[in-house]
Amino acid sequence: MTETLQERSPRVGDGEARTGRRRRSAAARTHPGLWLFPLPALVLYVVFFAGPTIQAFQYSITDWDGFSAAYQNVGATNFENIATNDDLFLGAATNNLKFLLVVVIAQTVLSLLLAVLLQRNSRSSTTLRALFFLPAILSSVSVAFVWKFMYDPNFGLINQVLGGIGLDGLKSSFLGNASTAIYWVALTQVWAHAGQLMVIFVAGLQQIPEELYESAALDGASQWQRFRFVTWPLIAPATAIVVAYTTIQSFKAFDLILGLGGNPPKGSLDILSTRIYTTFTNSRFGYAAAESIVFMVIIALVSFLQRRAVRLTQHGV
Amino acid sequence: MNKNAFGQPLSRRTALQLLGVGGAGAALTACAGPGSTAGSTSAASAPATGKPTGAISFAHWRAEDKDVFAKLISAFQSATPDVTVRQDISPSNDYQSSALQRIRGGSVGDVFTAFRGAQFVDMVKAGVYTDMSKQAVVQQYEPSLITAGQQDGTQYGFPYQVVFNMPVTNEDIIGTATGGTPPKDWQSFLDLCDKLKSQGLVPIAWPGGDPGNAGQLFNSMVMNNAPSDDMCAKIESGEYKCTDDWFLTTLKQYQQLKPYFQPNSTGTAVEPCQQIFATKKAAMLATGSYHIAAIRALGATFPMNVISPITTSAEKAKYEGIYNATFILGVNSHSQHQAAASAWLEFLSQPANAGEYANGTSQHVTVKGVEYTNPDLKALAPWLQKKTLLAPRFQFNNLDIRSAVEGACIAVVGGKSPDAAAADAQRVVDQQRSQ
């Protein structure tokens, strides 16, 4: 019997295991109806993202004007022109790079500085944080109009203040000076968004355990050393978010540029997004699509390099 | 469990396969050739006739004319009770950029407008204008003023406004300084500017920070310097170059004007320029007559006129000034209510209604027999008879070429040498032509 039981028990066990597996398998198998739930999101993704992206690739090898039924396939000619025969695109890319560097560095440093100074939850810090955050709730167009009048050489606040304190020599045409115009726009961007990014840093700083600072202080670390060896490595995730967000924001400063520089903006204020828009306006859809693809590649490349740089900086300290 | 068409349960794999097939289908759909969804670009036909009924959209960019159009719409709807008109207004820059795509759809702009130049050319090419050549309404317009609405002998649209794209003057100041005789050559114009400057005035308020408005002075500066009237079209076609003598002369003259513009003029927007002019700190506003109403709104009460710098000697000058016929009205070929759209266009073309628009907005119109009662329009009316050139800057169909050529003038005022500015502009022209 024992033998029999022993012989049978595995079979019973097998049956149970099979039943169990079947139950688990049935439980693991998703009810097909559930697959309908992601469908709306998938449709939206395909219609509004995947489809247009694929179309952009297709348009980029044509000379389509945006409305004619007829068009020519031009192969890689559009890309060749962008790379070798287009001062306007090159100028816009250069402006964008200058804008990006100033905004990423200045905005990150300023927002971190504000966060360090205002990280405590005292009443005055909270009030100041709210004040610095205020520009972030304004639309870019409003910000552009406010600063357009700030920068006005005749009635603008900046030149009036400079004149009022006897510094007439420092008066400038600001956006009218081709060599510096883009930096003034970058300054506006920093003003508008530093407070917003400060909030991310404040959240990051408040996650750092107080004990780490106490032990660093016991070890005789100075204020700077505490920042360098405790704060900076531990706010790496916040820094990565801020830098990535600021980079993408710098490439998308479209409405700010158009608000400050008009449509189309002068060459000295043109950045990649406004250049692509102007090309579309000029009824050169094929070429604009090729510019958009190059733009996409540049953003991907810059974002990748930046993430590497941030990681290296924070692991290397 | 759901079952498929064969009565079998729909597994995860099957569901994924179906989604994959759907996605691939969508991707293939996305690969449909460009232009395959485009509207007709075939030869335009006349607008449909019949009893005007329905709700129509009137697409334009003149937000400042909204109230005057609202009054006209009200009168039109009273006379044509089965039709309602809605204004679809976009800012002029947006209109320039995106109107064609919106109007092609047919849901907006049963009656629409176009800027003279690139936009009109594209709209004709896209087939959104109906052919108005044989419509009775053509007779309502001054033939010489509606050529900007024609292409290849077909009248597609009717330019409605006549504006003078040349500096507006404060006649109290300029009249006194010139003794009523405007400068007839370049040196006299510079002397006038010098005299005004010595009186502590800004001779010319020029919005160098606003390329659209800054470019209006370009019209006057090239009208007599260029070897032919289609100079901008020839720059675009490659026949003329920015490095040609006549264009370099123009750039050098811009350089000469620099001391007579307000300080830091390349960074000044148009609104501060209007303010300087309206408060009598500047004698001229280098934009155009289309800003007179805005100047009045700022409280200016002085008499105004327009003036064009004559950039040559008096004997060599072919033209006294610049005009533009724009706001090109048309009936949308994709409209479902073409009879109603035609009725609205005909209503606007009647002298009494055109007069209401003109006097209400301080702009001359191309409609015949209009009585101008607005004092500013009366003051400018003699310019309708003078020897003026249709604004050449709108001959450019490539906006990047236009920006490069006009940008050279701004760059020179900003301190760049004329030779370098001309070379830079020509390089962009060459690149655009070769792309």
(request) May I ask you to list the lysines whose Cα is less than 22 Å away from that of B:Lys134, ignoring any residue fewer than eight positions away on the same chain? (result) B:Lys51, B:Lys125, B:Lys368
(request) Give the Cα extents of region B:246-313 along the principal axes, in whole Å, largest first. (result) 39, 26, 17
(message) Going Cα to Cα from B:Lys281, which lysines come in below 23 Å? Please leave out same-chain ones fewer than 8 positions away.
(response) A:Lys148, A:Lys171, B:Lys195, B:Lys197, B:Lys258
(request) With only alpha-carbon atoms counted, please give the Rg and Dmax of region B:208-301, in Å. (result) 15.3, 47
(message) Bin width 5 Å, origin at 0, all Cα-Cα pairs of region A:30-87: what percent of pairs per bin?
(response) 4, 15, 14, 16, 13, 10, 8, 6, 6, 5, 1, 0
(message) Restricting to Cα atoms and excluding each atom paired with itself, what does the Kirkwood estimate give for region B:88-241 in Å?
(response) 19.0
(message) Please enumerate, by chain and number, the aspartates and glutamates with C-alpha under 14 Å from the C-alpha of A:Lys252, excluding those fewer than 8 residues away in the same chain.
(response) A:Asp270
(message) For the ranges B:149-158, B:85-94, what's the packing order if you count other beta-carbon atoms within 10 Å of each residue, average per peptide, and put the highest first?
(response) B:149-158, B:85-94
(message) Below 8 Å, C-alpha to C-alpha, sequence gap of six or more: please give me the relative contact order for chain A in percent.
(response) 28
(request) For peptide A:275-286, compute the average count of partner chain beta-carbon atoms within 10 Å of each residue's beta-carbon. (result) 4
(request) Choose one answer from A:Gly166, A:Gly286, A:Gly33: the residue with the largest mean-square fluctuation in a GNM of chain A with alpha-carbon springs under 10 Å. (result) A:Gly33
(message) I want to make sure I understand the PRE zone here: with the label point 7 angstrom from the Cα of A:Asn121 toward its beta carbon, which residues in region A:208-231 have backbone N atoms less than 16 Å away?
(response) A:208-210
(message) How big is the dipole moment of region B:264-402 about its Cα centre under a simple scheme where the beta carbon of each Lys and Arg is +1, that of each Asp and Glu is -1, and everything else is neutral? Debye, nearest 20, please.
(response) 420
(message) Let's see if you can work this out: charge +1 on each Lys and Arg Cβ, -1 on each Asp and Glu Cβ, no other charges. What is the dipole magnitude of region A:89-316 about its Cα centre, in debye to the nearest 20?
(response) 260
(message) So for region A:28-103, averaging the separation of alpha carbon pairs under 8 Å that are six or more residues apart and normalising by length, what relative contact order in percent results?
(response) 15
(request) Determine the percent antiparallel among the DSSP beta bridges restricted to the protein assembly as shown, to the nearest 5. (result) 55
(request) Order the peptides B:353-364, B:213-224, B:242-253 from the highest to the lowest mean number of other Cβ atoms within 10 Å of their residues. (result) B:213-224, B:353-364, B:242-253
(message) Can you work out the Karplus-derived ³J(HN,Hα) for every residue in region B:271-285? Use 6.51 cos²θ - 1.76 cosθ + 1.60 with θ = phi - 60°, whole Hz, and x for glycine or proline.
(response) 5, x, 5, 4, 5, 4, 6, 5, 8, 6, 8, 10, 8, 9, 10
(request) Return the whole-Å distance between the Cα centroid of region A:291-314 and the Cα centroid of region B:40-115. (result) 46
(request) When you have a sec, figure out the Kirkwood radius of region A:179-230 from all distinct Cα pair distances and drop it here in Å to one decimal? (result) 13.6
(request) Evaluate 2.2 N^0.38 Å with N set to the residue count of region B:177-251, then give the Cα radius of gyration divided by it. (result) 1.33
(request) Over the alpha-carbon set of chain B, work out the extent along each principal axis and list the three values in angstrom, largest first. (result) 97, 55, 40
(message) For the protein assembly as shown, what does the helix formula give at 222 nm: sum of -39500 (n - 2.57) over DSSP H segments with n ≥ 4, over the residue count, nearest 500 deg cm²/dmol?
(response) -16500 deg cm²/dmol
(request) Using only alpha carbon positions, build the gyration tensor of chain A, then give the equivalent ellipsoid semi-axes as the square roots of 5 times its eigenvalues, largest first, whole angstrom. (result) 49, 37, 18
(message) So for region A:165-239, averaging the separation of alpha carbon pairs under 8 Å that are six or more residues apart and normalising by length, what relative contact order in percent results?
(response) 28
(message) I'd like to know which of A:Phe132, A:Gly286, A:Gln207 lies farthest towards the positive end of the charge dipole of region A:89-316, counting +1 on Cβ of Lys and Arg and -1 on Cβ of Asp and Glu.
(response) A:Gly286
(request) Grab the eigenvalues of the alpha-carbon gyration tensor for the protein assembly as shown, scale each by 5, take roots, and send me the semi-axes largest first in whole angstrom. (result) 56, 39, 24
(request) Please give the direction-averaged projected area of the C-alpha convex hull for region B:326-406, in square nanometres with one decimal. (result) 7.7
(request) Kindly give Rg over Rh for region B:295-435, based on alpha-carbon atoms, with the Kirkwood expression for the hydrodynamic radius. (result) 1.07
(request) With only Lys, Arg, Asp and Glu charged, each at its Cβ (+1 for the first two, -1 for the last two), find how big the charge dipole of chain B is about the Cα centre; round to the nearest 20 debye. (result) 900
(message) What does the structure give for A:189-197 when I average, per residue, the other chain Cβ atoms found within 10 Å of the residue Cβ?
(response) 0
(request) Provide a whole-number value for the mean count of partner chain Cβ atoms within 10 Å of the Cβ atoms in peptide A:83-89. (result) 4
(request) Give, in whole angstrom and from largest to smallest, the semi-axes √(5λ) of the equivalent ellipsoid of region A:173-271, with λ running over the eigenvalues of the Cα gyration tensor. (result) 39, 14, 9
(request) Please report how far the C-alpha centroid of region B:190-243 lies from that of region A:139-207, rounded to the nearest whole angstrom. (result) 31
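Values quoted throughout were computed directly from the atomic coordinates according to the rules given, and no laboratory measurement underlies them. Worth saying up front: this structure is predicted, and the values here are computed from it rather than measured. Neighbour counts run over all protein chains shown; Cβ positions are idealised from the backbone, glycine included.
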